[in-house]
There are 2 protein chains.
Amino acid sequence: MNEPVSTASRAVVLVSGGLDSATVLAMAVASGIEAYALSFDYGQRHRAELAAATTLARCLGAKEHRTMGIDFAGIGGSALTDVSIDIPEQASSGIPVTYVPARNTVFLSLALGWAEVLDAEAIYIGVNAVDYSGYPDCRPEYIEAFQNMAALATKAGVEGQAVRIETPLINMSKAEIIRSGVELGVDFSLTVSCYQADDTGRACGRCDSCRLRRAGFETAQIPDPTLYQSG
Amino acid sequence: MNEPVSTASRAVVLVSGGLDSATVLAMAVASGIEAYALSFDYGQRHRAELAAATTLARCLGAKEHRTMGIDFAGIGGSALTDVSIDIPEQASSGIPVTYVPARNTVFLSLALGWAEVLDAEAIYIGVNAVDYSGYPDCRPEYIEAFQNMAALATKAGVEGQAVRIETPLINMSKAEIIRSGVELGVDFSLTVSCYQADDTGRACGRCDSCRLRRAGFETAQIPDPTLYQSG
């Protein structure tokens, strides 16, 4: 942190197509990082999210964008991939049914694989411990444990070049994230946060994710550019 | 460890179709565990391995067997040439066709997801620190770090029911693994270790994996039941 980095360093940036990861990608690019955007197709209902990720990677200056497929082989367990579980429209206590099993662990592990191939120094992920909705794998202690594991997992790590897990949003409120993104030129109308967006990416305005997002724009006193399905 | 478990406990067992993981599955089943066998289709050349995994899961008494697909989106060996502007040409020559970046981390993470859905107590993996000491993700310190991370990653972990990562082979020689498997009734002629097995699973007899396996049978003084392509 004391010396400016003279050569571009590489990082894998997890980009879901949502508001948070778009901001993370903008932050990484603004810091001079050569950003390799990575998205996952794990059978999520909201397919528009993946299209948004592709657009955002291009517009925000990622060096490259890949979408990896994960076939969970029907193990289920989440409303996001299991159509037999309803998407909740009320905030619930505890861990929500929209939880994807071991989600961030799976995503970070695949990112670690790409980081290893690229000889990348870091993986950026838009986890957030403030508005984190009860997900255990969004907490700082989890991220630290993943980084410790990663340092022992790969050849680079063993040779002292362990990958860093960068979580620039971890202590920011949704309103702060929105303000940062706007300052960095992120067009949030391109992002899709809704758990049940339609094919064109328009949001339902009712699910947990929509409510959290809308409240963020209100608190930030920034006009909400989200395209809603009605109203 | 002090009280006998009265009800069958569940575990996810990683089964590749090879000799080591077949032995691990037999060990898990013999200990009274309800075993959920998990294999991965990540585009490996030796497809016979996956067919062997299916057969072994059935013959060795797994409760269920799933094969999860992982589409690495071309980040493997070929990606080294795709994004090769800053990567030296000779770097790709040393990457074997079987190379999977961050392999055990990716496999264990997906197993963690299924373990969470199943409410399983453990994940069994046939890593070995004796005959494969060159791989960083086969060492006990790596496994311990993964387990520490997993305890923070999931709902069960947060609630005090963290999954255990079981590595019964970690300190065994290949010959000891073979002897244990034979004692447990594993038919090693069903297993495929060869990196370039033919479609029916017959081994080349020449690759590293074949040589290690053959030497194991010799040391164990057990007739090698492997089906070879010739001789």
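Simple point charges give the picture: +1 on the Cβ of Lys and Arg, -1 on the Cβ of Asp and Glu, and for region A:10-220 a dipole about the Cα centre of about 260 debye. Counting Cβ atoms of other protein chains within 10 Å of each Cβ in A:138-144 and taking the mean gives 3. Distances between placed amide hydrogens fall under 5 Å for A:Tyr228 paired with A:Ala203, all partners being 5 or more residues away or on another chain.
Here's how it looks for B:Val13: its modeled amide H is under 5 Å from those of B:Tyr36, B:Ala37, B:Leu38, B:Tyr124, which are all 5 or more places away or on a different chain. A dipole drawn for region A:10-220 from +1 and -1 charges on Cβ atoms has a positive end, and of A:Ile70, A:Val12, A:Val130 the residue lying farthest that way is A:Val130. In region A:10-220, Cα pairs under 8 Å separated by at least six residues give a relative contact order of 26 percent. Annotation: amide H-H contacts under 5 Å for B:Tyr195 (H modelled 1.01 Å from N, sequence separation of 5 or more, or interchain): B:Ser209, B:Cys210. 3J(HN,Hα) along region B:104-121, derived from phi through the Karplus expression 6.51 cos²θ - 1.76 cosθ + 1.60 where θ = phi - 60°, amounts to 5, 5, 5, 5, 5, 5, 5, 5, 4, x, 5, 4, 5, 5, 7, 6, 7, 8 Hz, with x in place of Gly and Pro. Considering only A:Ala111, A:Met149, A:Ala48, and ranking their Cα positions along the charge dipole of region A:10-220 that arises from unit charges at the beta-carbon of Lys, Arg, Asp and Glu, the one farthest toward the positive end is A:Ala48. Counting, for every residue in B:116-122, the Cβ atoms of other protein chains within 10 Å of its Cβ and taking the mean gives 3.
Here the peptides A:47-58, B:110-121 are ranked by packing, the mean other Cβ count within 10 Å, and the order with the highest first is B:110-121, A:47-58.
Among the residues of A:153-160, the average count of other protein chain beta-carbon atoms within 10 Å of the residue beta-carbon is 5. Take the Cβ atoms of B:Asp198 and A:Glu218, set R0 to 45 Å, and the FRET efficiency comes out at 0.10.
FYI, it's all coordinate maths here, none of it is from the lab. Nothing here was measured: the structure is a model prediction, and the numbers come from that model. All Cβ positions, even for glycine, are placed from backbone atoms using ideal geometry, and neighbour counts span all protein chains on display.
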